[in-house]
């Protein structure tokens, strides 16, 4: 008889499962508990700054990214997952970044009609590239945008908000993550700089690699972003955009710097920082680290005042940033930073099947009162149950025994402090001692 067993299917290369910490895996990837802690921290920080949450589709029209990111960017030329919709022939793309989709949504729904918005989202993005540590084909981003705000005050606020996020995650700014800053000026200033770049690189055309030669006349600014070691000396000697900035652009940049200086936030002005998308103007910034090899950028963004109009909306300024979640969590793992355990507060030990109805009722009352409780399931000896209770990370064990229940009580035992004496609690007073369990 032929063997009909089929081979087990696996995830697409570069697209990873995010698993609980209790599930062993061979790759060093952040577990789901670390993700939840990060998301909780993010929600808290953004709420304190008045940012609202939104969601946009994972699939967007391909034209959105061609128009929004730039036709000769690496993302559009090489990295997008694009396909033709078999139903209607539309060209569609799995989103490679979040900003263009957010702006599309704002334009489509006239979201700025009642004034500026501070918004954020979090979710998967897709780029077809060689998977490596910190760089995956499906990756996740935190995306934060301030729409309708023209001044440098919001640029500085966004950057200082990222510093608060680092601190609440346990990272030290200036050491484990460093801020790099630049200004890209306005379109006319960039055009003058572009002409100077073309003239400069034409004089050194023989030294350029094929990719740079291809971009020399279509998008010479991208040459400055080249990672080819053989080009770095040539790039360092190229004309800098800062030399072409007008009075207004310099004033904008200087206000951002003054706020950061007053806040005591160290940074480096990097005149070669251009970011990977064509929509940026004025302030751009990146947070970088030396601890993740070649994948050194963990967060980056800047101002993009022309994108809303470019995608069909009424002209409106905007600024924002994207943060690579996998990359940041790998950094936290690399540094072995303390992360609060995703553990229940209470583990329920059930001494016999007969106690289940009363135990379940009590546990539901505790959960309704805000206490996290994990109930033992599947039976087992008291010793085996306490072993699992200890492994769960819970602070307390609630022991449901038949004799205690007959007396209208349940036993409470500390799993972390042997000096705390075991005691019985009245089942009639769950709401009273739930507060103690939640806070003790």
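The values are calculated or read from the model by the stated rules, or taken from the named source; none is laboratory data. Everything quoted here is computed from the prediction, not taken from an experiment. Reconstructed Cβ throughout: ideal geometry from the backbone, glycine too, with neighbour counts over all protein chains shown.
Can residue 148 be described as loosely packed, with under 15 Cβ neighbours inside 10 Å and closer than 24 Å to residue 43 by Cα? No.
Considering segment 341-355, the residues that are in contact with a strand residue (DSSP E or B) (Cβ under 9 Å, 6 or more places away or on another chain) and outside any loop (DSSP other than H, G, I, E, B) include one that is farthest from residue 33 (Cα to Cα), namely 355. In segment 123-136 there is no residue matching the filter, namely being without any contact (Cβ under 8 Å) to a residue 12 or more places away in the chain and within 19 Å of the chain's Cα centre (by Cα).
Remark: residue 219 falls outside the filter, which requires a residue to be in the same structural domain as residue 178 (by TED's automatic domain parsing) and either under 30 Å from the mean Cα position of the chain (by Cα) or at negative phi (or both). The lone criterion from (1) under 17 Å from the mean Cα position of the chain (by Cα); (2) over 20 Å from residue 125 (Cα atoms) left unmet by residue 314 is number (1). Inspect segment 178-193 for any residue being out of contact with any strand residue (DSSP E or B) (no Cβ under 8 Å at 6 or more places or on another chain), closer than 29 Å to residue 252 by Cα and either at pLDDT below 85 or exposed (fewer than 14 other Cβ atoms within 10 Å of the Cβ) (or both) and give the result as yes or no. Looking for residues that are out of contact with any strand residue (DSSP E or B) (no Cβ under 8 Å at 6 or more places or on another chain), closer than 29 Å to residue 252 by Cα and either at pLDDT below 85 or exposed (fewer than 14 other Cβ atoms within 10 Å of the Cβ) (or both), one finds at least one in segment 178-193, hence yes. For segment 410-440, taking the residues that are assigned to a strand (DSSP E or B) and in contact with a helix residue (DSSP H, G or I) (Cβ under 7 Å, 6 or more places away or on another chain), the one that is surrounded by the most Cβ atoms within 10 Å (Cβ to Cβ) is identified as 410.
Within the set 153, 225, 211, the sole residue that is without any contact (Cβ under 8 Å) to a residue 24 or more places away in the chain and either over 27 Å from residue 93 (Cα atoms) or not assigned by TED's automatic domain parsing to the domain that holds residue 264 (or both) turns out to be 211.
Take the conditions modelled with pLDDT of 85 or more and under 25 Å from residue 294 (Cβ atoms) and apply them to residue 234. Does it pass?
On the way: modelled with pLDDT of 85 or more: yes; under 25 Å from residue 294 (Cβ atoms): yes.
In short, yes.
For the subset of segment 315-336 comprising residues that are out of contact with any helix residue (DSSP H, G or I) (no Cβ under 7 Å at 6 or more places or on another chain) and assigned to a loop (DSSP other than H, G, I, E, B), which member is modelled with the lowest pLDDT? The qualifying residue modelled with the lowest pLDDT is 336. Taking the criterion of being part of a helix (DSSP H, G or I) and farther than 14 Å from residue 160 by Cα, the residues of segment 245-268 that qualify are 247, 248, 249, 250, 251, 252, 253, 254. Of all residues in segment 376-394, those being crowded, with 18+ Cβ neighbours inside 10 Å and touching a helix residue (DSSP H, G or I) at 6+ places or on another chain (Cβ under 9 Å) number 1.
Only one of the numbered conditions (1) surrounded by fewer than 17 Cβ atoms within 10 Å (Cβ to Cβ); (2) touching a residue at least 12 places away in the same chain (Cβ under 8 Å); (3) under 30 Å from residue 341 (Cβ atoms) is not met by residue 169, and that is (1).
Is it true that residue 94 is out of contact with any strand residue (DSSP E or B) (no Cβ under 9 Å at 6 or more places or on another chain), closer than 19 Å to residue 136 by Cβ and surrounded by 17 or more Cβ atoms within 10 Å (Cβ to Cβ)? When the stated conditions are applied, residue 94 does not pass them. Can you name the residue in segment 372-407 that is part of a loop (DSSP other than H, G, I, E, B) and in contact with a strand residue (DSSP E or B) (Cβ under 6 Å, 6 or more places away or on another chain) and, of all such residues, is nearest to residue 23 (Cα to Cα)? The selected residue is 392. The set of residues in segment 264-293 being surrounded by fewer than 18 Cβ atoms within 10 Å (Cβ to Cβ) and closer than 19 Å to residue 223 by Cβ consists of 270, 271, 272, 276. Taken together, the residues in segment 24-57 that are in a loop (DSSP other than H, G, I, E, B) and exposed (fewer than 14 other Cβ atoms within 10 Å of the Cβ) amount to 8.
Residues of segment 194-218 being outside any helix (DSSP H, G or I) and buried (at least 18 other Cβ atoms within 10 Å of the Cβ), which ones?
Filtering segment 194-218 for residues outside any helix (DSSP H, G or I) gives 204, 208-209, 216-218.
The one that is outside any helix (DSSP H, G or I) and buried (at least 18 other Cβ atoms within 10 Å of the Cβ): 208.
Residues of segment 121-138 that are surrounded by 17 or more Cβ atoms within 10 Å (Cβ to Cβ) and modelled with pLDDT under 90: 134, 135, 136.
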